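What follows is a single structure, written as C-alpha coordinates, with notes after it.
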Amino acid sequence: MTNKKHTSPLADVQELAVLTGAVAIIAAAVYFFLVPSHASVSSISGLGIVLANFVPLPLSAITMILNVVLLIIGFLTCGREFGAKTVYTSILLPLFLALLERLFPGIGSLTDSQELDVLCYILVVSVGLSILFNRNASSGGLDIVAKIMNKYLHIELGRAMSLSGICVALSAALVYDKKTVVLSVLGTYFNGLVLDHFIFDHNIKRRVCIITKKEEALRRFILDDLHSGATVYESYGAYNMEKHREIITIVDKAEYQRLMNFMNREDPQAFITVYTVSDIRYQPKA
(Lines give C-alpha, C1' and ligand atoms only; values in the text may rest on other atoms or scores of the structure.)
Protein backbone atom coordinates (compact mmCIF):
# COMPACT_ATOMS: atom_id res chain seq x y z
CA MET A 1 0.00 0.00 0.00
CA THR A 2 2.95 2.35 0.48
CA ASN A 3 6.39 2.75 -0.98
CA LYS A 4 8.54 0.21 0.84
CA LYS A 5 11.69 2.24 0.29
CA HIS A 6 10.37 4.94 2.59
CA THR A 7 8.33 3.02 5.20
CA SER A 8 8.90 0.14 7.57
CA PRO A 9 6.52 -2.81 8.11
CA LEU A 10 5.51 -1.27 11.44
CA ALA A 11 4.65 1.99 9.71
CA ASP A 12 2.55 0.08 7.16
CA VAL A 13 0.65 -1.65 9.98
CA GLN A 14 0.07 1.67 11.72
CA GLU A 15 -1.14 3.20 8.45
CA LEU A 16 -3.54 0.28 7.96
CA ALA A 17 -4.88 0.67 11.49
CA VAL A 18 -5.48 4.40 11.01
CA LEU A 19 -7.31 3.83 7.72
CA THR A 20 -9.43 1.07 9.27
CA GLY A 21 -10.39 3.27 12.21
CA ALA A 22 -11.32 6.16 9.90
CA VAL A 23 -13.54 3.92 7.76
CA ALA A 24 -15.22 2.55 10.90
CA ILE A 25 -16.07 6.11 11.93
CA ILE A 26 -17.53 6.86 8.49
CA ALA A 27 -19.58 3.65 8.44
CA ALA A 28 -20.99 4.42 11.89
CA ALA A 29 -21.92 7.94 10.79
CA VAL A 30 -23.71 6.60 7.72
CA TYR A 31 -25.59 3.78 9.44
CA PHE A 32 -26.56 5.42 12.72
CA PHE A 33 -27.30 8.95 11.47
CA LEU A 34 -27.57 9.24 7.68
CA VAL A 35 -29.74 6.17 7.09
CA PRO A 36 -32.39 7.11 9.71
CA SER A 37 -32.53 10.68 8.37
CA HIS A 38 -33.25 9.45 4.78
CA ALA A 39 -31.17 12.41 3.58
CA SER A 40 -28.64 11.97 0.78
CA VAL A 41 -25.83 14.17 2.01
CA SER A 42 -22.73 14.46 -0.16
CA SER A 43 -21.81 10.79 -0.40
CA ILE A 44 -22.27 7.68 -2.47
CA SER A 45 -23.89 6.14 0.61
CA GLY A 46 -26.43 8.97 0.43
CA LEU A 47 -27.13 8.09 -3.18
CA GLY A 48 -27.35 4.45 -2.15
CA ILE A 49 -30.06 5.33 0.37
CA VAL A 50 -32.13 6.77 -2.46
CA LEU A 51 -31.41 3.88 -4.84
CA ALA A 52 -32.37 1.36 -2.16
CA ASN A 53 -35.96 2.44 -2.79
CA PHE A 54 -35.69 1.15 -6.37
CA VAL A 55 -33.13 -1.66 -6.19
CA PRO A 56 -33.80 -4.77 -4.07
CA LEU A 57 -30.34 -4.73 -2.53
CA PRO A 58 -29.07 -3.67 0.91
CA LEU A 59 -27.26 -0.36 1.25
CA SER A 60 -23.92 -2.13 1.72
CA ALA A 61 -24.21 -3.90 -1.65
CA ILE A 62 -25.30 -0.76 -3.50
CA THR A 63 -22.43 1.21 -1.98
CA MET A 64 -19.96 -1.49 -3.04
CA ILE A 65 -21.17 -1.43 -6.65
CA LEU A 66 -21.10 2.37 -6.91
CA ASN A 67 -17.67 2.58 -5.29
CA VAL A 68 -16.09 0.19 -7.76
CA VAL A 69 -16.91 2.41 -10.73
CA LEU A 70 -15.43 5.56 -9.22
CA LEU A 71 -12.58 3.58 -7.73
CA ILE A 72 -11.30 2.71 -11.19
CA ILE A 73 -11.42 6.40 -12.15
CA GLY A 74 -9.54 7.42 -9.00
CA PHE A 75 -6.87 4.78 -9.58
CA LEU A 76 -6.25 6.03 -13.10
CA THR A 77 -6.20 9.75 -12.28
CA CYS A 78 -4.64 10.01 -8.83
CA GLY A 79 -1.88 7.43 -9.00
CA ARG A 80 -1.09 4.04 -7.55
CA GLU A 81 -0.79 5.12 -3.92
CA PHE A 82 -4.17 6.81 -3.90
CA GLY A 83 -5.75 3.93 -5.78
CA ALA A 84 -4.21 1.23 -3.56
CA LYS A 85 -5.32 2.87 -0.34
CA THR A 86 -8.77 3.55 -1.65
CA VAL A 87 -9.17 -0.02 -2.90
CA TYR A 88 -8.84 -1.05 0.73
CA THR A 89 -11.12 1.63 2.19
CA SER A 90 -13.72 1.36 -0.57
CA ILE A 91 -14.11 -2.36 0.05
CA LEU A 92 -13.95 -1.98 3.80
CA LEU A 93 -16.72 0.62 4.03
CA PRO A 94 -19.46 -1.61 2.56
CA LEU A 95 -18.19 -4.47 4.72
CA PHE A 96 -18.52 -2.33 7.83
CA LEU A 97 -22.01 -1.31 6.69
CA ALA A 98 -22.93 -4.96 6.15
CA LEU A 99 -21.67 -5.77 9.66
CA LEU A 100 -23.76 -2.97 11.16
CA GLU A 101 -26.80 -4.12 9.17
CA ARG A 102 -26.39 -7.56 10.73
CA LEU A 103 -25.67 -6.35 14.27
CA PHE A 104 -28.31 -3.59 14.36
CA PRO A 105 -31.05 -4.52 11.87
CA GLY A 106 -33.70 -1.90 11.22
CA ILE A 107 -32.28 0.59 13.69
CA GLY A 108 -34.21 3.84 13.98
CA SER A 109 -33.16 7.38 14.75
CA LEU A 110 -30.95 7.80 17.81
CA THR A 111 -31.97 11.43 18.19
CA ASP A 112 -35.66 11.22 17.19
CA SER A 113 -35.01 14.22 14.97
CA GLN A 114 -34.24 14.27 11.27
CA GLU A 115 -32.37 17.56 11.60
CA LEU A 116 -30.20 16.31 14.46
CA ASP A 117 -29.47 13.10 12.59
CA VAL A 118 -28.11 15.11 9.66
CA LEU A 119 -26.08 17.36 11.97
CA CYS A 120 -24.58 14.40 13.84
CA TYR A 121 -23.74 12.70 10.54
CA ILE A 122 -21.89 15.79 9.27
CA LEU A 123 -19.82 16.14 12.43
CA VAL A 124 -18.92 12.46 12.77
CA VAL A 125 -18.26 11.71 9.09
CA SER A 126 -16.01 14.77 8.74
CA VAL A 127 -13.66 13.32 11.36
CA GLY A 128 -13.28 10.09 9.40
CA LEU A 129 -12.96 11.83 6.03
CA SER A 130 -10.33 14.26 7.28
CA ILE A 131 -8.20 11.37 8.52
CA LEU A 132 -8.42 9.65 5.15
CA PHE A 133 -7.75 12.76 3.06
CA ASN A 134 -4.71 13.66 5.15
CA ARG A 135 -3.43 10.13 4.51
CA ASN A 136 -3.88 10.59 0.75
CA ALA A 137 -6.79 8.16 0.77
CA SER A 138 -10.56 8.21 0.41
CA SER A 139 -13.57 6.22 1.50
CA GLY A 140 -14.50 5.93 -2.17
CA GLY A 141 -17.39 7.38 -4.10
CA LEU A 142 -17.68 11.16 -4.15
CA ASP A 143 -14.54 11.46 -2.04
CA ILE A 144 -12.63 10.33 -5.13
CA VAL A 145 -14.30 13.03 -7.21
CA ALA A 146 -13.41 15.66 -4.59
CA LYS A 147 -9.80 14.48 -4.42
CA ILE A 148 -9.50 14.67 -8.22
CA MET A 149 -10.94 18.21 -8.25
CA ASN A 150 -8.54 19.22 -5.48
CA LYS A 151 -5.52 17.81 -7.30
CA TYR A 152 -6.20 19.11 -10.81
CA LEU A 153 -8.39 22.19 -10.23
CA HIS A 154 -6.90 23.22 -6.85
CA ILE A 155 -10.37 23.48 -5.33
CA GLU A 156 -10.50 23.18 -1.55
CA LEU A 157 -11.58 19.70 -0.51
CA GLY A 158 -14.64 20.85 1.36
CA ARG A 159 -15.85 22.93 -1.58
CA ALA A 160 -15.16 20.07 -3.98
CA MET A 161 -17.23 17.78 -1.79
CA SER A 162 -20.07 20.30 -1.88
CA LEU A 163 -19.99 20.68 -5.67
CA SER A 164 -19.83 16.95 -6.37
CA GLY A 165 -22.41 16.16 -3.69
CA ILE A 166 -25.10 18.65 -4.68
CA CYS A 167 -26.40 16.37 -7.43
CA VAL A 168 -26.59 13.50 -4.97
CA ALA A 169 -28.47 15.71 -2.53
CA LEU A 170 -31.01 16.65 -5.19
CA SER A 171 -31.60 12.95 -5.94
CA ALA A 172 -33.59 12.81 -2.69
CA ALA A 173 -36.38 14.53 -4.65
CA LEU A 174 -36.98 11.25 -6.48
CA VAL A 175 -38.26 9.58 -3.32
CA TYR A 176 -38.66 11.88 -0.34
CA ASP A 177 -40.55 15.04 0.58
CA LYS A 178 -39.41 18.64 0.20
CA LYS A 179 -38.09 18.86 3.75
CA THR A 180 -35.73 15.92 3.19
CA VAL A 181 -34.51 17.42 -0.08
CA VAL A 182 -33.78 20.76 1.62
CA LEU A 183 -31.99 18.98 4.48
CA SER A 184 -29.93 17.04 1.95
CA VAL A 185 -28.84 20.21 0.13
CA LEU A 186 -28.12 22.15 3.34
CA GLY A 187 -26.35 19.14 4.81
CA THR A 188 -24.14 18.91 1.75
CA TYR A 189 -23.20 22.57 2.04
CA PHE A 190 -22.43 22.43 5.76
CA ASN A 191 -20.56 19.17 5.33
CA GLY A 192 -18.15 21.05 3.05
CA LEU A 193 -17.69 23.81 5.61
CA VAL A 194 -16.99 21.38 8.43
CA LEU A 195 -14.61 19.36 6.26
CA ASP A 196 -12.72 22.55 5.40
CA HIS A 197 -12.37 23.21 9.14
CA PHE A 198 -10.92 19.76 9.78
CA ILE A 199 -8.57 19.73 6.77
CA PHE A 200 -7.96 23.12 5.17
CA ASP A 201 -7.77 25.22 8.34
CA HIS A 202 -5.48 22.65 9.93
CA ASN A 203 -2.95 23.05 7.10
CA ILE A 204 -3.32 26.77 6.57
CA LYS A 205 -0.20 28.95 6.55
CA ARG A 206 0.39 32.69 6.63
CA ARG A 207 2.66 34.89 4.55
CA VAL A 208 3.91 37.60 6.89
CA CYS A 209 5.57 40.77 5.53
CA ILE A 210 7.38 42.92 8.11
CA ILE A 211 9.14 46.28 7.98
CA THR A 212 10.91 46.86 11.28
CA LYS A 213 13.82 48.73 12.83
CA LYS A 214 14.86 45.45 14.50
CA GLU A 215 15.61 43.81 11.18
CA GLU A 216 18.64 41.78 12.26
CA ALA A 217 16.96 40.56 15.45
CA LEU A 218 13.91 39.49 13.46
CA ARG A 219 16.02 37.72 10.86
CA ARG A 220 17.88 35.75 13.54
CA PHE A 221 14.60 34.87 15.30
CA ILE A 222 13.10 33.45 12.10
CA LEU A 223 16.22 31.45 11.24
CA ASP A 224 17.33 30.29 14.71
CA ASP A 225 14.12 30.10 16.76
CA LEU A 226 11.44 29.31 14.19
CA HIS A 227 13.88 27.30 12.04
CA SER A 228 12.14 28.78 9.03
CA GLY A 229 13.25 30.70 5.96
CA ALA A 230 12.75 34.28 4.90
CA THR A 231 13.25 36.61 1.97
CA VAL A 232 14.44 40.22 2.22
CA TYR A 233 13.27 42.82 -0.29
CA GLU A 234 14.21 46.45 -0.72
CA SER A 235 11.17 48.72 -0.81
CA TYR A 236 10.43 52.45 -0.95
CA GLY A 237 7.68 54.42 0.70
CA ALA A 238 5.57 56.22 -1.93
CA TYR A 239 5.17 59.40 0.15
CA ASN A 240 8.83 60.37 0.64
CA MET A 241 10.60 57.55 -1.25
CA GLU A 242 12.31 56.47 1.97
CA LYS A 243 14.18 53.20 1.58
CA HIS A 244 13.16 50.19 3.71
CA ARG A 245 13.97 46.49 3.89
CA GLU A 246 10.98 44.17 4.06
CA ILE A 247 11.32 40.65 5.52
CA ILE A 248 8.85 38.07 4.24
CA THR A 249 8.35 34.62 5.75
CA ILE A 250 5.74 31.85 5.60
CA VAL A 251 4.70 30.28 8.90
CA ASP A 252 2.07 27.92 10.29
CA LYS A 253 -0.37 28.81 13.07
CA ALA A 254 1.95 28.06 15.98
CA GLU A 255 4.90 29.83 14.35
CA TYR A 256 2.71 32.82 13.51
CA GLN A 257 1.72 33.24 17.16
CA ARG A 258 5.36 33.07 18.27
CA LEU A 259 6.35 35.55 15.58
CA MET A 260 3.66 38.03 16.62
CA ASN A 261 4.65 37.71 20.28
CA PHE A 262 8.24 38.45 19.30
CA MET A 263 7.27 41.54 17.29
CA ASN A 264 4.97 42.87 20.01
CA ARG A 265 7.87 42.58 22.42
CA GLU A 266 10.71 43.85 20.23
CA ASP A 267 9.05 46.42 17.97
CA PRO A 268 5.34 47.19 18.56
CA GLN A 269 5.53 49.93 15.91
CA ALA A 270 6.58 47.55 13.11
CA PHE A 271 4.55 47.60 9.90
CA ILE A 272 3.14 44.09 9.35
CA THR A 273 0.86 42.67 6.67
CA VAL A 274 -0.44 39.08 6.75
CA TYR A 275 -1.82 36.96 3.90
CA THR A 276 -3.47 33.54 3.95
CA VAL A 277 -1.53 30.87 2.05
CA SER A 278 -3.34 27.69 0.99
CA ASP A 279 -0.81 26.16 -1.38
CA ILE A 280 2.99 26.22 -1.50
CA ARG A 281 4.88 24.81 -4.44
CA TYR A 282 8.61 24.45 -4.93
CA GLN A 283 10.20 23.08 -8.09
CA PRO A 284 13.83 22.14 -7.40
CA LYS A 285 16.37 22.55 -10.18
CA ALA A 286 17.29 19.41 -12.07
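For the chain, leaving out every one of the chymotrypsin sites (Phe, Trp or Tyr not before Pro) that falls in a DSSP loop and has at most 15 other Cβ atoms within 10 Å, the longest unbroken run is 55-238.
Amide H contacts of VAL277 (H built 1.01 Å from N, in plane; Pro and chain starts excluded): LYS205, ARG206, ARG207 sit under 5 Å, all sequence-distant by 5 or more or on other chains.
Where the only charges are on Cβ atoms (+1 Lys, Arg; -1 Asp, Glu), what is the dipole of region 46-199 about its Cα centre, to the nearest 20 debye?
Details: 9 positive and 9 negative charges, 85 e Å.
The calculation lands at about 400 debye.
Angle between the Cα long axis of helix 9-29 and the longest principal axis of the chain, 0 to 90 degrees, nearest 10? Relative to the chain, helix 9-29 is tipped by roughly 60 degrees. Compute the long axis of helix 253-266 from its Cα atoms, compare it with the longest principal axis of the Cα atoms of the chain, and write down the angle in degrees, 0 to 90, nearest 10. The angle comes out at about 20 degrees.
For the chain, modelled as a GNM whose springs connect Cα atoms under 10 angstrom apart, the maximal fluctuation among ARG207, ARG159, ARG220 occurs at ARG220.
With the full set of protein chains in place, find how many percent of the accessible area of the chain is carbon and sulfur; take the probe as 1.4 Å.
Working: 9710 of 15580 Å².
In the chain, the share of accessible area belonging to carbon and sulfur is 62 percent.
Look at the dipole of the chain built from charges on Cβ: of ALA39, SER109, LEU129, the Cα furthest out on the positive end belongs to LEU129.
For a 28 Å ceiling on Cα separation, which of these pairs sit above it: LYS85/LYS253; LYS147/LYS205; LYS151/LYS179; LYS151/LYS178? Could the numbers behind the result be given before it?
Numbers: LYS85/LYS253 30 Å; LYS147/LYS205 21 Å; LYS151/LYS179 34 Å; LYS151/LYS178 35 Å.
Distance filter (> 28 Å) returns LYS85/LYS253; LYS151/LYS179; LYS151/LYS178.
When the charge dipole of the chain is built from unit charges on Cβ atoms (+1 for Lys and Arg, -1 for Asp and Glu) and taken about the Cα centre, the candidate among ASN150, ILE26, ALA160 whose Cα reaches farthest toward its positive end is ASN150.
Would you work out which of ILE204, HIS244, TYR256 lies farthest towards the positive end of the dipole of the chain? Charges go on Cβ: Lys and Arg +1, Asp and Glu -1. So the residue furthest toward the plus end is HIS244. For the chain, modelled as a GNM whose springs connect Cα atoms under 10 angstrom apart, the maximal fluctuation among LEU57, LEU163, LEU142 occurs at LEU57. Remark: accessible surface ordering of ILE222, ILE131, ILE65, ILE91 (largest first) is ILE65, ILE91, ILE131, ILE222, probe radius 1.4 Å.
Using just the helices of the chain, give the 222 nm mean residue ellipticity in deg cm²/dmol: DSSP H runs with n ≥ 4 each add -39,500 (n - 2.57), and the total is spread over all residues, rounded to 500.
Details: 10 runs with 166 residues, N = 286.
Dividing the helical sum by the residues of the chain leaves -19500 deg cm²/dmol.
Given +1 at the Cβ of Lys and Arg, -1 at the Cβ of Asp and Glu and no other charges, the dipole of the chain around its Cα centre is 640 debye to the nearest 20.
The values are calculated or read from the model by the stated rules, or taken from the named source; none is laboratory data. Given the structure is predicted, the values throughout are model-derived calculations rather than measurements. FYI the Cβ positions are ideal-geometry reconstructions off the backbone, even for glycines, and counts take in every protein chain you see. The protein model used for the area step is the full one, side chains on, heavy atoms only, and it has no ligands, DNA or RNA in it. Shrake-Rupley method; radii C 1.70, N 1.55, O 1.52, S 1.80 Å.
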